[in-house]
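The values are calculated or read from the model by the stated rules, or taken from the named source; none is laboratory data. Values in this document were obtained by computation on a predicted structure and should not be read as measured data. Cβ coordinates were reconstructed from backbone atoms using ideal geometry, including for glycine residues, and neighbour counts include every protein chain displayed. Just so you know, the surface numbers come from the protein's heavy atoms only, side chains and all, with ligands and any DNA or RNA stripped out. Shrake-Rupley method; radii C 1.70, N 1.55, O 1.52, S 1.80 Å.
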Amino acid sequence: MDDLHPGYAHFIGHLCTLASACLPPFICISDPNNPRITASVVGAVFRDIPQDSDFPPIRYARVNAVACFHARVFYDTVLNALAGWEPSWESGYQTWPGEDGVKYNDSIDSFLHGLRRLSAEHGTNLPIRNKGKGKTSPTEEPSMVIFIERAERLCENLPELIVPLSRLAELAPVRVNVILLSSMRWEDLRPPLGAAPDPYFLDVEPLTKPDIIQRLVSAFRETSEALALSGELSMAYHPGLLSFYEHYAEMIYGTVSLYTNDPIELQYIAAARWPGFVKPVVWQQDGDHLNGDHELDIQLPNTDGRLRLFKYFSSSFTRALEALYPRLTNAADWASENDYDPTDGLPEVQPGNERQKARTSNPRTANLPRISKFILIAAFLASTNPAKSDMRMFGRGTSERKKRRRKNTSSTKGGSNKNSAVSQRLLGPSAFPLDRLLAILGSLLEEHVLDSWPFDHRFVLPGEYTDMEIGRIHVYAAVTELAFMRALHRMSPMEKLDGPPMFKCGISYEVALALAKDVGIPSLNDLMWDPA
């Protein structure tokens, strides 16, 4: 059980010791962080206790206080679970005891009579050791455990039940144990005037980062094994991707844990983003991802490939959180709407020797207007070049155009590369403001389109006509259209009014190179601070 529930080893050991020795009649478990997981752990403990003949059996009932909006609902739910009674259509959905017609849900007194009847019906005879063969002891009554999760809602809906439940073993009197699980402390649930005795306290420690990541990886492993046993084909949950999923789980935790650290919510968001996230890795396996071969040896991306992949999908993690955490949509629909499109131009994520020939023909950008192609090239340069290099790369003065390319600082006199930095192309595109995009666009238009524009005597200053062109409404409309096409990624929220909007380039170097060739830019490398 410790392997199935990471981080709960101490709690499981404590609860198992109490269950096997002498379970207190009234227990209060406080878990303000992950009460749903704690509820599943408590249920697993009492379901997995061996029913040894040397010990009386345990009858277990799990009740959610949210569903118990009336006392009769609570009584019927508890008695049906303890008796193992399942209402059916044939019996008219009668509650226990069914055919006898006796009702034990009228009041707390009738509920106590129902517990006594259950204890008498499910009693067992335990063997007496060292007192002759075949001799038995008197009837031993079973131990009944009533586990109530979301107990704080029980205090809101049925506060009159708190005191009887805390003294249930005393009032019945039978071997019954009541366990309350709440995200609040007992001091906040305690009835006034000291009517209820103090329970046995159990506090659950919050889960750490390694525990949460281990739960996510365990969920992936269980899903992969279940699909393999059922014979279903799912390359997204191929066993060879387990080590890669560990890095993915760390990335999800680092992004989403700032807002919620509930492992269930993290697992829900991770499951929605994973199929689209891993598709570029599976897509580049020489087409073998379509042959249904479960023995396929998937080559995982190296460190640079993972950085590029994480950089490309980092914005989608936040979008998944905003849509899935408040349940504005479900995981299946969100995954379908945000699936990876191989024509988006994601750079190769495989190791250097496994890189395939890049896709230079992109049907989503081939039929774009000429101004949109220039905007995409300007966006690629803005995401690749540092902002401090714009004056040197695009300046039209004599001093600015002396030497555009970056000096090679990757080696020193001794031949070492201690001062070399990671290329921006390996780190992925960086965000840039809209005004910087328009400035680079104006420089490109001034350099390569100015001669084709008609002469207008009203514009005599250099660059005056270009400034008018990039300020027209159709340029801003083209930027918005490219953002809807996912060729540009908007990084700032739509409702933000202060400052210019932020964007990030959504095309690869190969697509930008093809666009530059199409619009007549002879060498794209000459405009890059760190050329390919």
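Working note: Karplus 6.51/-1.76/1.60 with θ = phi - 60° gives the range 5-21 the couplings 10, x, x, 10, 4, 5, 5, 5, x, 5, 5, 5, 5, 5, 5, 7, 9 Hz, where Gly and Pro are set to x. Annotation for Trp85 and Arg185: the two label points, set 7 Å from Cα along the Cα-Cβ direction, are 4.1 nm apart. For Val145, the residues whose modelled amide H falls within less than 5 Å of its own, excluding neighbours fewer than 5 places apart on the same chain, are Arg59, Tyr60, Ala61, Asn177. Applying 1/(1 + (r/R0)^6) with r as the Cβ-Cβ distance of Thr260 and Arg370 and R0 = 41 angstrom yields a FRET efficiency of 0.35. Share of carbon and sulfur in the accessible area of the range 240-279 stands at 52%, probe radius 1.4 Å. When you count the other C-beta atoms within 10 angstrom of each residue and take the mean per peptide, 430-438, 80-88, 16-24 line up highest first as 430-438, 80-88, 16-24. Sorting Thr255, Thr303 on solvent-accessible area from highest to lowest, probe radius 1.4 Å, gives Thr303, Thr255. The accessible area of Leu158, taken with all protein chains in place and a 1.4 Å probe, comes to roughly 10 Å².
Between His448 and Glu246, the FRET efficiency estimated from the beta carbon spacing at R0 = 41 angstrom works out to 0.30.
Applying 0.36 nm per residue to the separation of Ala120 and Asn64 and subtracting their alpha-carbon distance, the gain on full extension is 17.5 nm.
Quote the FRET efficiency, to the nearest 0.05, computed for Lys496 versus Asp203 with a Förster distance R0 of 41 Å and r equal to the Cβ-Cβ distance. So, using R0 = 41 Å, E works out to roughly 0.45. Modelled label positions at Lys517 and Asn33, each set 7 Å beyond Cα in the direction of Cβ, lie 5.5 nm from each other.
Taking amide H positions as modeled 1.01 Å from N, with prolines and chain starts lacking one, the residues under 5 Å from Tyr200 and 5 or more places away or on another chain are Phe26, Ile27, Cys28. With all pairs of different C-alpha atoms in the average, the Kirkwood value for the hydrodynamic radius of the range 143-249 is 17.7 Å.
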